[in-house]
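Here is the structure we will look at, set down as structure tokens.
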Amino acid sequence: MRTVVALAALGLVVVAAQSRAQECLRPEWTHCEEFPNGGRHVGVDNYKNKLEVDIPANSKVCVVNHEEIGGDTFAHLELNGVHWPNKDWMANVDTFCLFKK
């Protein structure tokens with residue numbers, strides 16, 4: 001019984017470590033990332049507003065434009081060919097991240 005409990009605890013530690021170690025994907029201008037299992041987008045816009053939004057499964061997120069404002073560069077994103085998360089959203093290129101599930 002102790003062996004089963006120890007193995008179960010070890011499994012939880014491995015899962016927790018993997019979830020913390022998710023790679024921050026930050027595609028360059030004109031590049032895309034595919035999300036077959038979905039994911040998550042986090043970022044800060046040009047007004048310093050934070051955003052965290054889910055990426056649906058079977059999606060493709062692309063950086064379609066860069067814009068410089070006040071010395072900072074912001075990326076415009078598209079999800080499956082549509083401005084995303086909305087047409088006015090610009091994510092700071094130094095701080096936004098895309099995470100795969």
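The values are calculated or read from the model by the stated rules, or taken from the named source; none is laboratory data. Bear in mind that the values here come from a model prediction, so they are computed numbers and not experimental data. Quick reminder, even Gly has a Cβ in these numbers, built from the backbone with ideal geometry, and neighbours come from all protein chains shown.
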task: Of the numbered conditions (1) surrounded by 14 or more Cβ atoms within 10 Å (Cβ to Cβ); (2) within 13 Å of the chain's Cα centre (by Cα); (3) of a type outside the set (S, T, Y); (4) on the phi < 0 side of the Ramachandran plot, G38 fails exactly one; give the number of that condition.
output: (4)
Qualifying residue in the stretch 61-71 (condition: small (G, A, S) and at pLDDT below 95): yes
message: So, in the stretch 44-98, how many residues would count as being at positive phi and not basic (K, R)?
response: 5
field: Residue, surrounded by the fewest Cβ atoms within 10 Å (Cβ to Cβ), within the stretch 65-94, restricted to residues that are among the β-branched types (V, I, T) and over 20 Å from G38 (Cα atoms)
entry: I69
query: Is there a residue in the stretch 58-67 that is over 24 Å from Q22 (Cβ atoms) and either among the aromatic types (F, W, Y) or in contact with a Pro (Cβ under 7 Å, 6 or more places away or on another chain) (or both)?
result: no
